[in-house]
Amino acid sequence: MAKTIKEMALEIAGLMEDGKGQDVTVLDVSKLNSWTDFFIIVTITSGPHWQGLYKTVKDYVKESDLEIHQTHNKGPHGDEWNLIDLGPVVVHLMSQEARDFYELEKLWHAGEKIK
């Protein structure tokens, strides 16, 4: 039986925690926009840390019905905020500083926090 997008988002969140991602949050934003259903927000500690978590997402995608549409670096060195667009799921790998500054959970406060 095929997994739902929500199940896949929660699995990816679990993998982020297994990879030592900090303060992993999953937001259901499906009622707030037309371009994605879930945000997974993860605090990372370094460039190599985000690269390891990115590889984890890439490996997960190979075994699922998802695909990586694009990866965006949102900082001068690419370590502050990396966004992985999987279509219905968007993974935000953010330094603590970027997370504190952008406060995505507050910005998308109308989304349902499911983890």
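Please treat every number below as a calculation from the coordinates, not as lab data. Keep in mind that this is a model prediction, so the values were computed, not measured. All Cβ positions, even for glycine, are placed from backbone atoms using ideal geometry, and neighbour counts span all protein chains on display.
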Filter segment 36-49 for residues that are surrounded by 22 or more Cβ atoms within 10 Å (Cβ to Cβ) and either without any contact (Cβ under 8 Å) to a residue 12 or more places away in the chain or over 11 Å from residue 111 (Cβ atoms) (or both) and give the result.
40, 42, 44
Residue ID - nearest to residue 109 (Cα to Cα), chosen from residues in segment 15-35 that are surrounded by 15 or more Cβ atoms within 10 Å (Cβ to Cβ) and not hydrophobic (A, V, I, L, M, F, W, C):
28
Within segment 50-69, residues being in a helix (DSSP H, G or I), free of Cβ contacts under 8 Å to residues at least 40 places away in the same chain and of a type outside the set (Ser, Thr, Tyr) number 7
Per the list (1) more than 17 Å from residue 7 (Cα to Cα); (2) in a loop (DSSP other than H, G, I, E, B), residue check on residue 98 breaks on (2)
